[in-house]
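Notes follow once the structure below has been shown.
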Amino acid sequence: MKIDEVPQDTENSTYGDARKLVYAVDEHGDFVGVKSSGWVVEAEATQSALNLIEQQCDAAWQRARNGETAPLEYYMCYQRMDLALLSQVSGLFQWRIRRHFRPAIFKKLNHKLLRRYSEALGLGIDTLQQLPDHPLHGRQAHV
């Protein structure tokens with residue numbers, strides 16, 4: 001892509017006020033870094049993915065509110081993790097984490113396990129044990 005072809009769609013809400021560095025070919029055929037405000041198609045794809053994550057979070061929150069799962073599953077979604085990533089970050093097997101999604105099991109977790117989840121999710125233990133009154137969106141601070 002040439003420098004003058006770098007997307008500059010200013011209505012890209014996924015970058016905020018920031019710009020993305022992309023590489024393009026200058027008039028001498030050399031690759032140079034060019035700041036881009038984004039591309040509409042990329043913004044739509046990103047927004048679609050974020051909407052899907054939000055729906056998954058809302059569903060996990062509702063299951064936790066209904067007593068079908070522990071707050072752990074909701075916070076995993078909220079932190080944009082899946083089971084595989086939480087397993088990797090926490091050092092716990094996926095089957096064990098799934099077991100901890102069961103509310104009765106989660107309530108009995110010892111402090112050491114809660115601390116591992118707390119560190120993996122970047123949340124306080126007290127926060128991890130309590131479901132918020134409503135699903136949090138937009139990465140709201142609640143640590």
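Assorted remarks:
- Cα point-scatterer Debye curve for the chain, base-10 log of I(q)/I(0) at q = 0.09 Å⁻¹: -0.41
- Amide N of region 62-90 lying under 18 Å from the label point, which is placed 7 angstrom from the Cα of Leu50 along Cα→Cβ: 77-81
- At 0.692 mPa s and 37 °C, Stokes D of region 49-129 from Kirkwood alpha-carbon radius, µm² per second: 263 µm²/s
- Stokes-Einstein, applied to the Kirkwood radius of region 8-76 over Cα pairs at a viscosity of 0.692 mPa s and 37 °C, places its translational diffusion at 221 µm² s⁻¹.
- Taking amide H atoms as placed 1.01 Å from N in the peptide plane, the amide H of Gly38 lies under 5 Å from those of Asp9, Lys20, each 5 or more residues away in sequence or on another chain.
Each reported figure results from applying straightforward, stated rules to the coordinates on display, with no laboratory input. For clarity, every value in this text was computed on a predicted model and none was experimentally measured. Cβ atoms come from the backbone with ideal geometry, glycine included; neighbour counts cover every protein chain shown.
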